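The values are calculated or read from the model by the stated rules, or taken from the named source; none is laboratory data. On a predicted model such as this, the values are computed, not experimentally measured, just so you know. No Cβ is skipped: glycine too gets one built from the backbone with ideal geometry, and neighbour counts run over all protein chains shown.
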Amino acid sequence: MAKLNIKKGDKVKVITGNSKGKVSVVLQTLPDVSKIVVEGVNMITKHLKPTSSSPSGSIIKREAPMHVSNVMIVDPTSGQATRIGRRNNKEGKSERFSTKSGQSI
């Protein structure tokens, strides 16, 4: 299991696939399979069986997980996609930082 550099709530840019270029927020991370769920990206159509609450069933659109390598974090200062580095801050705790601007994320 690899450690993900992307966390829930991060602003990311899709760099490959049908949604290339979209900027959105991470809704969920799945570190066991190295995947994330991004709001409004990689949408699928899901068919739901009829139940007592909805006798006719329904069709819904929802986000499907995508591999973490298909997105990059957005730099907080420039708004461009950037890589992430790790360093220790003044208190000795590990923090993530943008490699383009050097600012903490």
Do we have Gly57 as at positive phi and of a type in the set (Gly, Ala, Ser) here?
yes
For region 1-15, give me the residue count where each residue is part of a loop (DSSP other than H, G, I, E, B), modelled with pLDDT of 90 or more and out of contact with any Ser or Thr (no Cβ under 8 Å at 6 or more places or on another chain).
3
Scanning region 68-105 for residues that are among the charged types (D, E, K, R) and not in a strand (DSSP E or B), which turns out nearest to Gly9 (Cα to Cα)?
Asp75
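I'm trying to understand the selection: among the residues of region 34-71, which are among the charged types (D, E, K, R) and exposed (fewer than 10 other Cβ atoms within 10 Å of the Cβ)?
Matches in region 34-71: Lys49, Lys61.
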Among Ala2, Ala64, which is the only one that is over 23 Å from Arg83 (Cβ atoms), among the aliphatic types (A, V, I, L, M) and in contact (Cβ under 8 Å) with a residue 24 or more places away in the chain?
Ala64
Against the condition surrounded by 11 or more Cβ atoms within 10 Å (Cβ to Cβ) and either in contact with a strand residue (DSSP E or B) (Cβ under 6 Å, 6 or more places away or on another chain) or β-branched (Val, Ile, Thr) (or both), how does Gln28 come out, does it pass?
yes
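Please state which one of Val41, Val37 is farther than 20 Å from Gln103 by Cα, in a loop (DSSP other than H, G, I, E, B) and of a type in the set (A, V, I, L, M).
Working: Val37 fails: in a loop (DSSP other than H, G, I, E, B).
Matching residue, one of Val41, Val37: Val41.
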